[in-house]
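The values are calculated or read from the model by the stated rules, or taken from the named source; none is laboratory data. None of these values were measured; they are calculated from a predicted model. Cβ placement follows ideal geometry from the backbone for every residue including glycine, while neighbour counts extend to all protein chains displayed.
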Amino acid sequence: MSNKRNPQLGLLGRWIQENNELVNKWRQDGGGDASTPDQNQTNLRWCCSEFHKLLRKIQGIPPLADHTQLELTVVYNACVCSTAQSQFSEAELLLTQATERALQMSGYNHDASDPPVFWRTVFKSVENQANSCVLNLLCLQWAVWLATCQLNTIQEFKDELFSLVEALSTGLEDDRRNKAGGKSSAIPLLMMDPRRLSELLHICTLIAQGAERLSEGQSTEALSDLQTASSLPAPRTLVAHTHLLSGSCLSHMSRPQMALQCYRKALETDSQCTCALYQSMLIYRQLGNTQAEIQALSLLHSTLMLPCATEPALPGTHLLSPSLMLRSQSLSRLLSVPSTLSVLHSLALKCVLHGRVSEGVEYYLDLLASLHSENQHAVQVEALPLPRLPELYLEAGAALLMAQRPADCMALCDEVISTTLALLPERVVLEEPEKCEAESRGGAEGEDRGEMLLWAGAAYLLQGHCHSHLKDWKQAVTHYTRCINLLVRVRFKKRGLQPQVPSADMVCKQGSDLCILQRLKGLSLAGRGISFSQTDQLREALRDLQLSLQALPECSGAGLWCGEVLWRLGRRSEAAACWEKTWSLTTQSSEESLSVYLHEPQTGPLLDSTALRHRIKELGPITY
């Protein structure tokens, strides 16, 4: 900035020139669009310091009416810089002090110690004088209230604040007419266009209030605010927010189809409105439209993978962005979207569970590749709450087996086993309700020994399924046995009782460690029993299949093969009864809530229920 100023200018002229040079230097340095955020902050700090120095010069003399416009303009510029740096207390104090001085010069009584009374006095003074400089300060006070989530204060002055938009527009037109008749250099410049800022504050306020009402269950009132906001001039990202939140209101009002229309409008307005895709996916899930849910997940993942496009702000509002104004927790929750990797995991799992196995496998492999990329640590943190890495390996392994890629499945299982097996204790106690405690010390820091044992057991189970798929019955028996040998190390402890061997009659919560243990035990015994049946070791097969049904009564594979073994042993009435009991079990979609590696295998030897029913028919009436 040049230190040479026109010596012919008076004190007021020199101060106006100094103010304008600061504003012009800020614009020349990028006006908030410098090459790096650090450079922007450096420029801001410098400007803020210089405006405060200038303000001290101006306020070093008694207040003069001729200096009012300049003083309030410099205050405005200094407060814009402070607010842009989130120095809200400093900005608010400066605004209050400057407005007090303006009221003194206007002859108004005031009490700054009572903010509501003070600001009502300010609004009244503005109504009577239409002072555009004071309007500018009111606009900034509005911005501070909004940025600090003082929505109750904004609500108290809602009518006055919303009238600022029109008042500022009228005031600026008057300023333009005055400029046309005089020298522009005599007009102190502003860091930010107040009219544009007031428009931004108007829509941001309606969005923030709508989000707050929605979180409080006032969906109808919130919808009214948001529909008003959707027609206001604003960046397309904010208009998309209004459609998005309107959709959330309609969803809470049990109008899913209308909510989907709002989400569609949000996406048409801003193609990168990821939250609209996410909320659409949740509604499709609620409606049971799985294919639409998968499509929405796929689009969401693709959009999250795109580089973030920063939309140009409204002209004259670079310094105070919408993100600075929209800081409420209610809004953050409503706009939150899972991480890219969490979405990829959901997409992979949904595809596997709903008949699109080959797609699911590719998504799982992409997920594992991302987790092993150079930015592994950052990705892991960002991806929470993903399942733990061994669980992801097991899920991917199960998907690979479904896709008839047993060798790849076994390779992933080997990874799980190699990282957990050496750390497993000789004995594990599962404590009520879901806590695991190893009775031996040591091992990987922070690792839960009980979970590690279950992961290793699941890996052996999957490898048993792989060998069964390949009809390598000896190896299948070996791996199912390894799974069983791990599981027998576990004891379950109820409160006040000694640890005991887990059994099927123990009530276990879906997804708990005890439930997983029982499923692993039932599936591994079933697998080994079926493998024994393939090598005509029928008595061993019958023993394992009956033990499987004790551990996991709903295991349909064990039930059907138990009947088959009984039939081969000549116990045909028992076989028929076993089949009938298995078919009578209600088929529920309870498996979908379980990890995919805990599902019954769809590969390996299967029995045809039609042929079994034909055998029963030929057998005649069953006598029990």
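Note down all Cβ pairs under 8 Å where the first residue falls in the stretch 381-397 and is closer than 18 Å to residue 463 by Cβ, the second is at pLDDT 90 or above and charged (D, E, K, R), and they're at least six residues apart or on different chains.
393/415; 397/408
Taking interchain pairs and intrachain pairs at least six residues apart, which have beta carbon atoms under 8 angstrom, with the first residue in the stretch 571-593 and closer than 27 Å to residue 290 by Cβ and modelled with pLDDT under 90 and the second aliphatic (A, V, I, L, M) and assigned to a helix (DSSP H, G or I)?
591/598; 592/353
Within the stretch 299-332, restricting attention to residues that are modelled with pLDDT of 85 or more and in a loop (DSSP other than H, G, I, E, B), which residue is surrounded by the most Cβ atoms within 10 Å (Cβ to Cβ)?
Taking the stretch 299-332 and keeping what is modelled with pLDDT of 85 or more, we get 299-306, 320-332.
Cutting the leftovers down to in a loop (DSSP other than H, G, I, E, B) gives us 306, 320-321, 326-328.
Numbers: 306: 10, 320: 25, 321: 16, 326: 20, 327: 14, 328: 18.
Checked the stretch 299-332; the qualifying residue surrounded by the most Cβ atoms within 10 Å (Cβ to Cβ) is 320.
Can you run down the residue pairs with Cβ atoms below 6 Å, 6 or more apart or on separate chains, where the first is in the stretch 244-264 and under 11 Å from residue 220 (Cβ atoms) and the partner is in a helix (DSSP H, G or I) and of a type outside the set (A, V, I, L, M, F, W, C)?
Pairs that qualify, where the first residue is under 11 Å from residue 220 (Cβ atoms) and the partner is in a helix (DSSP H, G or I) and of a type outside the set (A, V, I, L, M, F, W, C), are 249/219; 252/219; 253/219.
Kindly establish whether residue 378 is surrounded by fewer than 17 Cβ atoms within 10 Å (Cβ to Cβ), over 22 Å from the mean Cα position of the chain (by Cα), at pLDDT below 95 and in a helix (DSSP H, G or I). Walk me through it before giving the result.
Working: surrounded by fewer than 17 Cβ atoms within 10 Å (Cβ to Cβ): yes; over 22 Å from the mean Cα position of the chain (by Cα): no; at pLDDT below 95: yes; in a helix (DSSP H, G or I): yes.
So residue 378 fails the test.
Looking for something surrounded by fewer than 24 Cβ atoms within 10 Å (Cβ to Cβ), touching a helix residue (DSSP H, G or I) at 6+ places or on another chain (Cβ under 7 Å), modelled with pLDDT of 95 or more and not small (Gly, Ala, Ser) - is there at least one such residue anywhere in the stretch 243-251? Working first, answer last.
Keep residues of the stretch 243-251 that are surrounded by fewer than 24 Cβ atoms within 10 Å (Cβ to Cβ), which gives 250-251.
When the remaining residues are screened for being touching a helix residue (DSSP H, G or I) at 6+ places or on another chain (Cβ under 7 Å), the result is 250-251.
From what's left, modelled with pLDDT of 95 or more: 250-251.
Now restrict to residues that are not small (Gly, Ala, Ser): 250.
Looking through the stretch 243-251, at least one residue is surrounded by fewer than 24 Cβ atoms within 10 Å (Cβ to Cβ), touching a helix residue (DSSP H, G or I) at 6+ places or on another chain (Cβ under 7 Å), modelled with pLDDT of 95 or more and not small (Gly, Ala, Ser).
Go through 39, 8, 17 for me and flag whichever is at pLDDT below 85 and more than 15 Å from residue 85 (Cα to Cα).
Details: 39 fails: more than 15 Å from residue 85 (Cα to Cα); 17 fails: at pLDDT below 85.
Testing whether each residue is at pLDDT below 85 and more than 15 Å from residue 85 (Cα to Cα) leaves just 8.
Could you figure out which of (1) surrounded by 12 or more Cβ atoms within 10 Å (Cβ to Cβ); (2) closer than 16 Å to residue 556 by Cβ; (3) modelled with pLDDT of 90 or more; (4) not β-branched (Val, Ile, Thr) isn't true of residue 611?
That leaves (1) as the condition not met.
Filter the stretch 79-93 for residues that are part of a helix (DSSP H, G or I) and surrounded by fewer than 21 Cβ atoms within 10 Å (Cβ to Cβ) and give the result.
88, 89, 90, 92, 93
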